[in-house]
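*Asks:* First the structure, which I've put down as structure tokens, then a few questions once you've had a look.
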Amino acid sequence: MDIKLITLMCSLALSPACLAQTYLFKNVHIFDGSSANLSSAKNVYIENQHIKKIENYTSETLNASVEGVVIDGQGKTLMPGLIDAHTHLMLAGLPQQTLLLADQGFINIAAAKTASEMLQRGYTSVRDLGGPVFGLKLAIDKHITTGPRIWPSGAFISQTGGHGDFRLPNELIATDVEHTQAVKTGTTTIADSPADVRKHAREQLALGASQIKVMAGGGVSSLYDPIDVTQYSAEEIRAATEAAANWNTYVTVHAYTPKAINRAIDAGVRCIEHGQLIDEVTAKRIAKEGIWWSLQPFTSDRKSTFSEGSEQRKKQLKVEEGTLTAFKLAKKYKAKVAWGTDILF
Ligand SMILES: [Zn+2]
């Protein structure tokens, strides 16, 4: 792949000047995402952000006059923008401690850089599954800064001590929830009853969430929860799925284990994030019921942000062990799989 050309197309695709213009990408080999081979040399015409025409690149078309911007691809590769189905643009670019302690203005500017770099790597759309991303999305949509299109979840909805409970130990018992850093910034919400979950889901929808993210089981980066715990009762999850369905959208859950996954599906959840510790029966169920499975390539060859021997690293290693099985089962039962990175810290 020719990174330069991909990058050029990405920047053009979302820059304010280009929105209503005509473009010709001349002499490009197209990767269309379904064929294993690149096309022969082509010209691609873009009008009002849509592909209007694709023709063979010949010496006659070389000199044809076109209105708008002509980009000479020089026989390199043109491809569609990539989609990352699981990102956290607000939480990807800084260490966890910094996110918990730093000034929010600094965190916002760092996140703008993360978004811009994401676009330059070829990602034109992301599903952002937790974090105070509404302002960043607005700034991108208004062309104040550059980045991919964002489908935001807003704050994680978590039970006390769950995977989305980022309150520091000294904030956990003594402090009013609303005044803790992680809640105040809109990174997470803590809800511990069906009524609370319903209210918090509605709040995030009102703020512009395109889907709701609920923490349904233990996670790696969180401080309090072992990886194999199940979080929320079916009634609590159902409160969120009802609120989302009323808003014509859906709930997706963070869940690794069969117990957490099955409870979520029982409560009306239509999308599972992760699932690395799944078993065969549950994988079969996901496929049969048409539940979306958002999988990430968590493998031990990537550099860990957690120190060796720490509780978080131990949890991470356990999850990484399951990755291969999860992908095998997803393939075996032809589950509907979405691909994401879940880059954090
Ligand atoms: Zn995540």
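The values are calculated or read from the model by the stated rules, or taken from the named source; none is laboratory data. Note that the structure is a prediction, hence the values are computed from the model and not measured. Cβ coordinates were reconstructed from backbone atoms using ideal geometry, including for glycine residues, and neighbour counts include every protein chain displayed.
*Asks:* Pick out the one residue from A283, A255, A240, A244 that is hydrophobic (A, V, I, L, M, F, W, C) and over 14 Å from K213 (Cβ atoms).
*Replies:* A283
*Asks:* Among the residues of the range 85-92, is there at least one that is loosely packed, with under 15 Cβ neighbours inside 10 Å and out of contact with any Asp or Glu (no Cβ under 6 Å at 6 or more places or on another chain)?
*Replies:* no
*Asks:* Any idea how many residues of the range 289-305 are out of contact with any helix residue (DSSP H, G or I) (no Cβ under 8 Å at 6 or more places or on another chain) and either within 13 Å of V214 (Cβ to Cβ) or away from the ligand (no atom under 16 Å from the Cβ) (or both)?
*Replies:* 3
*Asks:* State whether the residues of the range 322-344 include one that is away from the ligand (no atom under 16 Å from the Cβ) and of a type in the set (D, E).
*Replies:* Within the range 322-344, not a single residue is away from the ligand (no atom under 16 Å from the Cβ) and of a type in the set (D, E).
*Asks:* Next up: Out of curiosity, is R302 in the same structural domain as V214 (by TED's automatic domain parsing) and in a helix (DSSP H, G or I)?
*Replies:* When the stated conditions are applied, R302 does not pass them.
*Asks:* Moving on. Counting only residues that are modelled with pLDDT of 90 or more and surrounded by fewer than 15 Cβ atoms within 10 Å (Cβ to Cβ), how many does the range 289-318 have?
*Replies:* Of the residues in that region, 2 qualify.
*Asks:* For a quick check of your reading: which strands (runs of 3 or more DSSP E) sit entirely within the range 119-163 and have at least 1 residues that are among the acidic types (D, E) and crowded, with 18+ Cβ neighbours inside 10 Å?
*Replies:* So the answer is 123-128.
*Asks:* While we're on this one: Scan the range 184-194 for residues that are buried (at least 21 other Cβ atoms within 10 Å of the Cβ) and either free of Cβ contacts under 8 Å to residues at least 40 places away in the same chain or not β-branched (V, I, T) (or both) and report the count.
*Replies:* 3
*Asks:* Can you tell me how many residues in the range 319-345 are modelled with pLDDT of 90 or more, in contact with a Ser or Thr (Cβ under 7 Å, 6 or more places away or on another chain) and part of a helix (DSSP H, G or I)?
*Replies:* Of the residues in the range 319-345, 1 are modelled with pLDDT of 90 or more, in contact with a Ser or Thr (Cβ under 7 Å, 6 or more places away or on another chain) and part of a helix (DSSP H, G or I).
*Asks:* Scan the range 95-133 for residues that are modelled with pLDDT of 95 or more, within 15 Å of the ligand (Cβ to nearest atom) and within 19 Å of L168 (Cα to Cα) and jot them down.
*Replies:* Residues satisfying the conditions are G130, G131, P132.
*Asks:* Would you check which residues across the range 228-256 are surrounded by fewer than 21 Cβ atoms within 10 Å (Cβ to Cβ) and hydrophobic (A, V, I, L, M, F, W, C) and list them?
*Replies:* Within the range 228-256, V229, A234, A245, W247 qualify.
*Asks:* Condition first: within 13 Å of T325 (Cα to Cα) and either at pLDDT below 95 or within 16 Å of the ligand (Cβ to nearest atom) (or both). Now tell me which residues in the range 258-288 satisfy that.
*Replies:* Passing the criteria: H274, G275, Q276, L277.
*Asks:* Sticking with this structure for a sec: Being within 16 Å of the ligand (Cβ to nearest atom) and either assigned to a loop (DSSP other than H, G, I, E, B) or among the basic types (K, R) (or both) is the filter here; which residues of the range 77-94 pass it?
*Replies:* Those that are within 16 Å of the ligand (Cβ to nearest atom) and either assigned to a loop (DSSP other than H, G, I, E, B) or among the basic types (K, R) (or both): H88, L89, M90, L91, A92, G93, L94.
*Asks:* Kindly list the number of the only condition in (1) surrounded by fewer than 19 Cβ atoms within 10 Å (Cβ to Cβ); (2) more than 16 Å from the ligand (Cβ to nearest atom); (3) of a type outside the set (K, R) that fails for S221.
*Replies:* So S221 meets the others, but not (2).
*Asks:* A further question on this structure: For the range 262-275, indicate whether the set of residues that are without any contact (Cβ under 8 Å) to a residue 60 or more places away in the chain, of a type in the set (K, R) and assigned by TED's automatic domain parsing to the domain that holds G131 is non-empty.
*Replies:* Yes, the range 262-275 has at least one match.
*Asks:* I'm trying to understand the selection: among the residues of the range 124-148, which are touching a residue at least 60 places away in the same chain (Cβ under 8 Å) and touching a Ser or Thr at 6+ places or on another chain (Cβ under 8 Å)?
*Replies:* R127, L129, G130, I140, H143, T146, G147, P148, listed by residue number.
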